[in-house]
Amino acid sequence: RKEVEQDPGPFNVPEGATVAFNCTYSNSASQSFFWYRQDCRKEPKLLMSVYSSGNEDGRFTAQLNRASQYISLLIRDSKLSDSATYLCVVNRRNTPLVFGKGTRLSVIA
Amino acid sequence: DARVTQTPRHKVTEMGQEVTMRCQPILGHNTVFWYRQTMMQGLELLAYFRNRAPLDDSGMPKDRFSAEMPDATLATLKIQPSEPRDSAVYFCASGLVPTGNSPLHFGNGTRLTVT
C-alpha cells in the first residue's frame, strides 16, 4: 500500500464550481501535511500547508482529520487557472516529504 | 527570487550511455533531494543529502545510479549505464530542516529520454 493515496482524477469541472480532493495517508506518525500544485510540464510548488485546525487561503481550504488519516483540499469558485495536478504531501519528523501521485483538475469554460 | 537550477533541461541518449544531471540548490539550504517522476509511479525519492552528507539513497538502483554533492553549490546524479526504463523527469529540490517548517523548492527538472 502506498504511503499517500489520492484519486488520480481527472476532475473536470465548470468555471465557478466548487471541487474537493481527498487524500489518505497510512503512517500515523506523519506530522506535517501539505498540498503542492504542479502545472503541466512544470515543477511542483507549495500551495499551502495543512494545519490541524484547518486553514483557508482565499478560495482554498485545507482540512486534516488525524483520526481517519485523511487530508482534504476544497477549491471554491474554480478558475481556469486552477487547472493543474494537486499533490498531497506528508512528512514525518526529519524525513523527506512523501508525495501522492496527484489529482488532476481541469476547469472548463 | 532564489531558484534551484538544474541542467540539462532535456537529455536524449542511447541505452548504455552515461547520463549526468546537475543541480545548484538555493544558497543557504541545507538539504538537497533527488526525485524522479513518471506517470506510473508519480514522484519517487531517489536520494537526499543534509549538509552535503548522503542520508538516504535507498530509492536508487545502486548498480547504475550514483548521487554526490561535491560542494554546497552542486549536487549531481549519474546513471551509468542508462536504460530505457530510466526515462523520466528528474527533479532536484532543496530546503531547510526541519522540512515541516519550510517549503521544498524544486528545480525545473531534467527530462530524460533513453532510447
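The values are calculated or read from the model by the stated rules, or taken from the named source; none is laboratory data. These numbers were taken from a predicted model, which means no experiment stands behind them. We place every Cβ from the backbone using ideal geometry, glycine too, and count neighbours over all the protein chains shown. We work out accessible area using only protein heavy atoms, side chains counted, and drop any ligands, DNA or RNA first. Shrake-Rupley method; radii C 1.70, N 1.55, O 1.52, S 1.80 Å.
Going from the chain on its own to the full set of protein chains, the stretch B:42-63 has these residues losing 10 Å² or more of accessible surface (heavy atoms, 1.4 Å probe, no ligands, DNA or RNA): B:G42, B:L43, B:L45, B:Y48, B:R50.
Here the protein assembly as shown has 48 percent of its accessible surface on carbon and sulfur atoms, given a 1.4 Å probe and all protein chains in place.
Applying 1/(1 + (r/R0)^6) with r as the Cβ-Cβ distance of A:A29 and B:Q17 and R0 = 35 angstrom yields a FRET efficiency of 0.25. The B and A chains share an interface that buries close to 1700 Å² of accessible area, total over both sides, probe 1.4 Å. The modelled label-to-label distance for the pair B:K78/A:A67, using points 7 Å beyond Cα in the direction of Cβ, is 5.4 nm. Restricting the trypsin sites (Lys or Arg not before Pro) of the stretch B:18-115 to loop positions (DSSP other than H, G, I, E, B) with no more than 16 neighbouring Cβ atoms within 10 Å leaves B:R52, B:K62, B:R64. Which of A:K2/B:K78; A:K2/A:K79; A:K79/B:K11; A:K42/B:K62; B:K11/B:K62; A:K45/B:K62 have a Cα-Cα distance over 24 Å? Among A:K2/B:K78; A:K2/A:K79; A:K79/B:K11; A:K42/B:K62; B:K11/B:K62; A:K45/B:K62, the Cα-Cα distance tops 24 Å for A:K2/B:K78; A:K2/A:K79; A:K79/B:K11; A:K42/B:K62; A:K45/B:K62. Taking all protein chains into account, the per residue accessible area for the protein assembly as shown stands at 50 Å² (1.4 Å probe).
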